[in-house]
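Okay, structure first, notes after.
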Amino acid sequence: MKAIIKGYGFNNFSSVKGGSVHAPASKSSMQRACAAALVRKGESIIRNPGKSNDDIAGLNVIQTLGAEVENLEDGSLKIISDGIDPVSSVVNNGEAGLGIRMFTPIVALSKKEMLINGEGSLLTRPMDFFDEVMPQLGVQIASNEGKLPIKIQGPLQPKDITIDGSLSSQFLTGLLLAYAARDAKNVTINVTNLKSKPYVDLTLSVMESFLLKVPENRNYEAFYFEETPDTESGDFVDYTVEGDWSGGAFLLVFGAIAGNIKVAGLDIASTQADKKILEALESCGAQLLIGEKEIEVAPSGDGLKAFEFDATDCPDLFPPLAALAACCKGITKITGVHRLAHKESNRALTIQEELGKVNIKVVLNDNVMEIEGTSDIKTATVHSHHDHRIAMMCALLALKADGETTIEVAEAINKSYPDFYRHLQSLGISIKTED
């Protein structure tokens, strides 16, 4: 699909009406909730469930592993689980990076031989850490030279292990949930060089909400499951999925570069890493008003200025930050480039390529991305590289061009934020789509 977006030039936004938008549901929260509902025994209600492709993949996985999922009249989901009891020997994670890393240890709780697969860019992502760690837990594993598909057979046995946390915290999330499901006692998961610590906080918070055994967090270097047995978890859990700061970041940046916006549904007390977008908006001089129920953002009367930002623990912010930096006067420096190699695309190179098409200079200096802002953003035909966040970044940049910008493979947004174009239209942006 192509999306054709009409831009309004750098300073002419009189026809952009702005308005209010409710942020999408967090797929980080949603997928963790699905996994937690699966590994606990009993009934769980999930309110404000996500509807992105990754969320749908997560629901498919837990049903494959034995959970019953029912759609309720109010839009909520009822999930009933009696633990891991696969109804099929094949688990497909779609293109969900969190899903494949989180669910693999959970799949390994079963005694059955299981085939774990995925789609799209997930097939090229490195998964060699499974080969290294899973045998230490009594799990037989055979991968495709460190990539999908993976054959795996448990049952997983919780033991003292050490894992490398430099690539992602998502594998740790799966191990924590699997250990809790097995009522691990007196064992420790040691972690070296852990990245994305806020996402670990989210995992522990979800585990607590679902009445699972929560380990002691020893300064993010070790997670200890104590000797005491798991307490009775009860029969019922009621959980509401948070609003998504990752998708919401694009809406907030819209307000800074295009026109007034009020974004509802984002919890300022959230543990989500991408809440840090507020620091960037404040640093660049955007008008920012944080209310009890919504966040209001508007452009600066004096123009936005370049800023410095460390995105090591929130690498998903690179695309919205890049769009923001492109509209700031001066050179913005964003640290954390090394975290971008194994996303839906190599995001550092993709950002550099697509921004270059619209006359924005991007320099990659080892772990730092330098973006030189300009008031002369050009129209062009750009490409999402099948990456949802790149598609949304290109849509924001299109607003500042004087004419029409075409985004190819624009449907990539469905992975995390299928309503994104519709929400932009509700704010007064002209978007046409073509198959």
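The values are calculated or read from the model by the stated rules, or taken from the named source; none is laboratory data. This structure is a prediction, so every number in the text was calculated from the model and none was measured. Cβ placement follows ideal geometry from the backbone for every residue including glycine, while neighbour counts extend to all protein chains displayed. Quick note on the areas: whole protein, heavy atoms, side chains included, nothing else; ligands and nucleic acids left out. Shrake-Rupley method; radii C 1.70, N 1.55, O 1.52, S 1.80 Å.
Go through (1) open to solvent by 30 Å² or more (accessible area, probe 1.4 Å); (2) modelled with pLDDT of 95 or more; (3) over 24 Å from Trp245 (Cα atoms) and name the single condition Thr405 misses.
(1)
Where residues in segment 131-177 are under 19 Å from Arg218 (Cα atoms) and small (Gly, Ala, Ser), which of them is surrounded by the most Cβ atoms within 10 Å (Cβ to Cβ)?
Ser169
Please find, within segment 342-364, the residue that is surrounded by the fewest Cβ atoms within 10 Å (Cβ to Cβ) out of those that are under 16 Å from Leu167 (Cα atoms) and touching a helix residue (DSSP H, G or I) at 6+ places or on another chain (Cβ under 7 Å).
Applying the filter and picking the extreme gives Asn346.
Of Lys195, Lys185, which residue is at pLDDT below 95 and touching a Pro at 6+ places or on another chain (Cβ under 9 Å)?
That would be Lys195, the only listed residue that is at pLDDT below 95 and touching a Pro at 6+ places or on another chain (Cβ under 9 Å).
If the requirement is being over 25 Å from Met114 (Cα atoms), crowded, with 18+ Cβ neighbours inside 10 Å and over 18 Å from the mean Cα position of the chain (by Cα), which of these qualifies: Thr192, Thr188?
Thr188
Counting only residues that are surrounded by fewer than 19 Cβ atoms within 10 Å (Cβ to Cβ) and either touching a Gly at 6+ places or on another chain (Cβ under 6 Å) or polar (S, T, N, Q) (or both), how many does segment 73-85 have?
Number satisfying all stated conditions: 2.
For residues that are assigned to a strand (DSSP E or B) and open to solvent by 10 Å² or more (accessible area, probe 1.4 Å), tally how many sit in segment 258-297.
Matching residues across segment 258-297 total 8.
Which condition does Asn367 not pass, out of (1) surrounded by fewer than 18 Cβ atoms within 10 Å (Cβ to Cβ); (2) at pLDDT 95 or above; (3) under 25 Å from Gly19 (Cα atoms), if it passes all the others?
(3)
Could you identify the single residue in Ser20, Ser88, Ser81 that is farther than 21 Å from Leu252 by Cα, assigned to a strand (DSSP E or B) and more than 18 Å from the chain's Cα centre (by Cα)?
One residue alone meets the criteria, Ser81.
Hey, could you check segment 255-278 for residues that are more than 19 Å from the chain's Cα centre (by Cα) and not small (Gly, Ala, Ser) and say which is farthest from Ser300 (Cα to Cα)?
Within segment 255-278, the match that is farthest from Ser300 (Cα to Cα) is Lys262.
Give me the strands (runs of 3 or more DSSP E) completely within segment 371-435, filtered to those with at least 2 residues that are among the acidic types (Asp, Glu) and touching a residue at least 40 places away in the same chain (Cβ under 8 Å), ordered by residue number.
404-408
Could you give every pair whose Cβ atoms fall below 7 Å, whose first residue belongs to segment 42-54 and is in contact (Cβ under 8 Å) with a residue 60 or more places away in the chain and hydrophobic (A, V, I, L, M, F, W, C), and whose second residue is open to solvent by 60 Å² or more (accessible area, probe 1.4 Å) and part of a strand (DSSP E or B), counting only separations of at least 6 or pairs across chains?
Sorted first by the residue in segment 42-54, then by its partner, the pairs are Ile45/Asp238.
Take Asp302 and tell me if it is open to solvent by 10 Å² or more (accessible area, probe 1.4 Å), in a helix (DSSP H, G or I) and out of contact with any Phe, Trp or Tyr (no Cβ under 8 Å at 6 or more places or on another chain).
no
Of the numbered conditions (1) out of contact with any Gly (no Cβ under 6 Å at 6 or more places or on another chain); (2) open to solvent by less than 70 Å² (accessible area, probe 1.4 Å); (3) more than 24 Å from Ala23 (Cβ to Cβ), Asn93 satisfies every one except a single condition; which is it?
The number of the failed condition is (1).
Is it true that some residue in segment 114-123 is part of a loop (DSSP other than H, G, I, E, B) and under 20 Å from Asn414 (Cβ atoms)?
Yes, segment 114-123 contains a residue that is part of a loop (DSSP other than H, G, I, E, B) and under 20 Å from Asn414 (Cβ atoms).
Which numbered condition trips up Arg422, out of (1) of a type in the set (Lys, Arg); (2) more than 23 Å from the chain's Cα centre (by Cα); (3) surrounded by fewer than 18 Cβ atoms within 10 Å (Cβ to Cβ)?
Checking Arg422 against (1) of a type in the set (Lys, Arg); (2) more than 23 Å from the chain's Cα centre (by Cα); (3) surrounded by fewer than 18 Cβ atoms within 10 Å (Cβ to Cβ), the one that fails is (2).
If you go through segment 199-251 one residue at a time, how many are open to solvent by less than 40 Å² (accessible area, probe 1.4 Å), assigned to a helix (DSSP H, G or I) and without any contact (Cβ under 8 Å) to a residue 60 or more places away in the chain?
Of the residues in segment 199-251, 2 are open to solvent by less than 40 Å² (accessible area, probe 1.4 Å), assigned to a helix (DSSP H, G or I) and without any contact (Cβ under 8 Å) to a residue 60 or more places away in the chain.
Of the residues Gly50, Gly58, only one is outside any helix (DSSP H, G or I) and surrounded by 23 or more Cβ atoms within 10 Å (Cβ to Cβ); which?
Answer to the check: Gly50.
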